[in-house]
Structure formats: structure tokens, C-alpha cells
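What follows is a set of notes on a single structure, which appears directly below.
The values are calculated or read from the model by the stated rules, or taken from the named source; none is laboratory data. The model shown is predicted, which means the values in this text are computed figures rather than measured ones. Using ideal geometry, Cβ is built from the backbone for each residue, glycine included, and neighbour counts are taken over all protein chains shown.
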Amino acid sequence: MNIFSKFFGAQADSSDLYFGTIASAIAESINDSDPLIRALTIDLAGRLGETSVVPILIKTLDDPLHFIRQKSAQALGAIGSRKAIAPLIKALEDPSDEVRVTVAGVLGFLKEKTAVPALLNTLKDHSPHTRMKAAISLGFIGDQRAIPALFAATKDDNEQVRKYAVEALGRIGKSAISMLLELIKDERLRDIATESLMKIK
């Protein structure tokens, strides 16, 4: 019997110990009183894809510090656990603009269709950066339900929001062609609408 079997049972080997130790160390450090250690550990958990700490990462979406909440959303996106989807959707209501931007981007990265209604609402956010990220993510998700709201967003006061809303319509594809043809009539959007049309196959 080797040292690993002695402590972890006959089926255990060095890799079991290795990953078990990592998971427990990460879980402990995520709860550290030093926010910099928490942030570093959360980032590490995401890069390693450590699924065992997903419940803890979900809790840190409520951390008092916005940059910790932001790191947590990024880590949960990197891990990709289904358990995190509902908490991430809820985090679209975070008081921090930076957190909402990050969460919107994560949901788009995950191509999470259940997030579409919440992202549509986020297109009305007071922050132009958040609206922009919501438009981008809706494009990546590619759900046709987003077409009317994205078309409305092409009239946004912010130039970047308008641009990314047009690009998102292009990503959705053939279902948005009529909208893109309409947008060609707008001199401000003609070039980007034409480019988006040309990318549709």
C-alpha cells in the first residue's frame, strides 16, 4: 500500500491527491479576508476549470467588492458549469456597470439562450458599455427573438451601441436580412449594414 492509498483508499493515486489538494486549497483561499488573495484564487479557479468550487464562486457573485464579483463571473464563464447560469443571469442586475458588462459578455461567450430575455432587458441599461456588450452577446447567441430589440438598438444614442447592434443582426443571419436592408437607408449605418449583409451565408 502506498502513501496515497493509506490516506485516500485503495483506488486513490497521486493524481487524486493532487486534484483534491488543489480543490481544497482554492476553496480555502477564495474565502480569505484579503481581497487580493480572493481575486487571485478566483482567477486561478477559472483558469484551471475547477468545477468543485463553483458553489463558492456563485456566492462570491455577492461579494461587497465589485472587482471580486467581476472576477467571479469571469471564472464561472471559464468553467462553464450549468449551475452558474441562473446566478449569472441574476447578476445582470448588479449595481456595478463593470460587473454587468462582464456578466453580459460571459453569457454571450457561453451562448446561453436562456439568458436572452434578460439580455434584451440589458439593451435598455443606462450604461452604454453594458448595452454594447448585451448587443454583442445577443449576436453570438444568435436567437431570433433578439431581432426586434437589436433593430431598435440601432437607433441608440451611442455610436458603438448602434454599430454592435447592426453586427449582431448580421450574426443572427438570414432572419435579420430585411432589417439590415432597411438599415442601409441610414447613412450612419450603411457601411456596417452592408458589411454585415455580405457575411451572411
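Take the conditions (1) among the acidic types (Asp, Glu); (2) out of contact with any Lys or Arg (no Cβ under 9 Å at 6 or more places or on another chain); (3) surrounded by 15 or more Cβ atoms within 10 Å (Cβ to Cβ); residue 191 misses just one of them, which is (3). You will find that of 197, 180, 169, the residue that is assigned to a helix (DSSP H, G or I), within 23 Å of the chain's Cα centre (by Cα) and not charged (D, E, K, R) is 169 and no other. Is it the case that residue 187 is out of contact with any Cys (no Cβ under 8 Å at 6 or more places or on another chain), over 19 Å from residue 104 (Cβ atoms) and not hydrophobic (A, V, I, L, M, F, W, C)? Yes: the conditions hold for residue 187. From the list 162, 190, 131, the lone residue that is within 20 Å of the chain's Cα centre (by Cα), at pLDDT 95 or above and of a type outside the set (A, V, I, L, M, F, W, C) is 131. Looking at 104, 84, 78, just one residue is within 16 Å of residue 134 (Cα to Cα), assigned to a helix (DSSP H, G or I) and modelled with pLDDT of 95 or more, and that residue is 104. Please tell me if residue 51 is at pLDDT below 95 and surrounded by fewer than 22 Cβ atoms within 10 Å (Cβ to Cβ). The answer is yes for residue 51. For residue 97, the criteria (1) charged (D, E, K, R); (2) under 18 Å from residue 119 (Cβ atoms); (3) free of Cβ contacts under 8 Å to residues at least 12 places away in the same chain hold in every case but one, which is (3).
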